[in-house]
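Heads up, the thing below is written out as structure tokens.
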Amino acid sequence: MKKLLIIDDNIDIRQQLKWGLGEDYTILLAGDVNEGLSLFKKNQPQVVILDLGLPPHADTSVEGFRGLAELLVLDPYIKVI
């Protein structure tokens, strides 16, 4: 089964996405960018759903774009939503 990594600081959103997509993907959940990058390195998911407003700068997109940049360094062809 393909793997999907969800990086979102809102636990309710993570759980809703897991519930909705769990039949089609093995779901990996992360609450922040650092946890998400660690899971990405260990599991090499095919798709990432990335929230842009993440702590410690949840009111801006700084942390989300940092995570996107690091994901693209690890795998320039990764599919990010």
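The values are calculated or read from the model by the stated rules, or taken from the named source; none is laboratory data. What you see is a predicted model, and the numbers here were worked out from it, not measured in a lab. Neighbour counts run over all protein chains shown; Cβ positions are idealised from the backbone, glycine included. Heads up: the accessible areas ignore ligands, DNA and RNA and are worked out on the full protein's heavy atoms, side chains in. Shrake-Rupley method; radii C 1.70, N 1.55, O 1.52, S 1.80 Å.
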Once both label points are put 7 Å beyond Cα along the C-beta direction, the Q46-V73 separation in nm becomes 2.7 nm
Quickly work out the L21-to-E35 label distance, labels modelled 7 Å from Cα along the C-beta direction, and quote it in nm with one decimal.
1.6 nm
Accessible area, probe 1.4 Å, largest first, for residues D59, D8:
D59, D8
Going out from 0 in 10 Å bins, what whole percent of all Cα-Cα distances in the chain drops into each bin?
21, 56, 23, 1
Candidates L39, L71, L17: whichever shows maximal mean-square fluctuation once the chain is modelled as a Gaussian network with Cα springs under 10 Å:
L17
Could you work out what % of the accessible surface of the chain is carbon and sulfur, using a 1.4 angstrom probe and leaving DNA, RNA and ligands out of the count?
56 percent
